[in-house]
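Rule-based calculations on the coordinates, nothing more; no lab input. Predicted model only: the values in this text are computed from it and were never measured. When we count neighbours, we look across all protein chains shown, and the Cβ atoms used for this are built from the backbone with ideal geometry, even at glycine.
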Amino acid sequence: MMFNKFWKAVVASVTFFASSLAAATPVTFVPPNDPTGRVYSTHSNDGYWSGRGIGFTVITQEGISSIGIYQDLTNVDLHWGLYVIDTLGDGYAKTGTVASGSANVTTNGLAWIDFQFPEFYMTERWNYLIEFSFDGLSNQNFLYTNRNVTWDQGVYRGLEGMQGQGFSNNYALPAIRVNGAGSTTDVPEPASLALLGAGVLALGLRRRRRPS
């Protein structure tokens, strides 16, 4: 009886372990040379008419299901998109659209504005761009000043702010976050789970044989 209770607890723990690793993990892109950022301008467009965003390369097949921006808007049509691009330099070209759309947005001060889409796994070593744009004026524009210095953050490499059609001459970038399921290697393989189960079973048998 004790063994049965123990084994049921182990199965529940293993199931939770796997599902926890597969759960979404939010990531906010923060340049190390300006970790706090600031309100850059008020009642201004500040270049969003031409598009502002961030480019990067992923080093694993990383899952993503939403993108977000930290902004203060009132009755503004905010356009968003996740794109495949050919390079992280100036004069890049969008070679594919993963997800895009627009919405009329009103926030109560600075707030995260997130857009969800069906989960997509980005291809290892490909270049991607997250972009936001709007006409008119925002109440406040929050930006980081990364001084045109790229950085790495987890599986995201070569992170750099974008404005218009270029990266190299842009010194500021918006606060952007992504939500995803992690890489395809984050969830244990069936063989790994079997090995884990065998080890736990042996532990259970030892407990069963122990004199009472």
Over its alpha-carbon atoms, segment 24-180 yields an Rg and a Dmax in Å of 14.3, 40
Interchain or sequence-distant (5+) residues whose placed amide H lies within less than 5 Å of the amide H of Glu160 are Gly55
Computed for segment 24-180: size of charge dipole around the Cα centre, +1 on C-beta of each Lys and Arg, -1 on C-beta of each Asp and Glu, debye to nearest 20, value 180
Segment 24-180: relative contact order from alpha carbon pairs under 8 Å, six or more residues apart, as a whole percent, is 43
Rounded to whole angstrom, the alpha-carbon centroid of segment 122-169 lies from that of segment 70-118 at a distance of 11
With the dipole of segment 24-180 defined by +1 on each Lys or Arg Cβ and -1 on each Asp or Glu Cβ, the option from Gln163, Thr42, Gln153 whose Cα lies farthest towards the positive pole is Gln153
